[in-house]
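Enquirer: Below: one structure in structure tokens.
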Amino acid sequence: MTGVRPVSRPTRRPAQRPAVRSAPRAAPLTRLLRSELRCALNRPRTLVTFAVLAFVPLVIAFGVAASGTPSGARSGPGPGLIAAVTANGLMLPVAALAVALTLLLPLSASVAAADALAGEAADGTLRGLLLAPVGRARLVGIKAAGVLAVVLVGVLLVTAFGAVAGTVVVGGHGRLLTLSGSAVDPANALARVGLACGWTALQTAAVGAVALAVSAFTVRPLVVIATVLGGAIVAGVLTAIPSLGWLHPWLLISDWGALADLLRDPVPTDSLWHGVLLAVGYLVAGLALALLGTLRREA
């Protein structure tokens, strides 16, 4: 029939795939994590701290080698432990970790935590990070990762330089003479050194978490350092008061002397496990307070 137009069918458009929403967040998060790690490890004060930590086992090694003091008193992390390093090179990493744990390792963790939040707030750069699309909880996790990186590098430097200096300068033929008087084979000795490294890293990370919590509530980095180191000094005084024995099991530094137990045969594990549980408790509490302080900050 004439004058009848054919009915046109509507063209079908290809179905569009839903846009992936996680990609825009993943890229800033990864980029921010890399930037934080690079910044935390390359700060001038952090590099100076690393140099001092690496220098500690060298000083102990050359001091012991020069004095030639025979291994006498075999006790906790003090002169007796350092004196036992003579002709016992694999004991040097543990002795160096015990010495560094008293001040230098907590100082490095507190400095890194102070720069993470309080330092950023003082410089005015924390505002932009709080407005970033990664979220404040993720931001705290990124800052905690930066502090943990500083802690791990510092502990590994002390352990590595201690092992090298102990083997080259002090000697000992790869065997470890324990504080109990027995000798263990090189594999057992290296396992004990590895346990000492991990245990010390956990204790220092707990200090870093507490420092990060303080850093979340202030804009002055020196306040963080003074608070953490002052708290460690006060805790040391409290542990020396016998009448406060009920408080000692709750102080983080109360089990730091147990590091020397890894050099005994057999290894007494009660204080070591108590130190692990206490450090985990401080670590969780510190991160929770750091998150609370960051959530309460004004952007």
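The values are calculated or read from the model by the stated rules, or taken from the named source; none is laboratory data. The shown structure was predicted, so the numbers you read here are calculated from the model rather than taken from an experiment. Heads up, the Cβs are rebuilt from the backbone with ideal geometry, glycines too, and the neighbour counts pull from every protein chain shown. Surface accessibility is based on the protein's heavy atoms, side chains included, excluding ligands, DNA and RNA. Shrake-Rupley method; radii C 1.70, N 1.55, O 1.52, S 1.80 Å.
Enquirer: Would segment 203-222 turn up any residue that is over 30 Å from GLY89 (Cβ atoms), small (Gly, Ala, Ser) and open to solvent by 40 Å² or more (accessible area, probe 1.4 Å)?
Expert: Within segment 203-222, not a single residue is over 30 Å from GLY89 (Cβ atoms), small (Gly, Ala, Ser) and open to solvent by 40 Å² or more (accessible area, probe 1.4 Å).
Enquirer: Right, another one. Hey, among THR167, THR159, which residue is farther than 25 Å from ALA109 by Cα and either open to solvent by 20 Å² or more (accessible area, probe 1.4 Å) or assigned to a helix (DSSP H, G or I) (or both)?
Expert: THR167
Enquirer: Output the residue which, of all residues in segment 265-281 that are in a loop (DSSP other than H, G, I, E, B) and open to solvent by 60 Å² or more (accessible area, probe 1.4 Å), is farthest from VAL184 (Cα to Cα).
Expert: Residue satisfying both the conditions and the ranking: THR269.
Enquirer: Assigned to a helix (DSSP H, G or I) and either modelled with pLDDT under 90 or open to solvent by less than 40 Å² (accessible area, probe 1.4 Å) (or both): does that describe ALA226?
Expert: Judged against the criteria, ALA226 is not a match.
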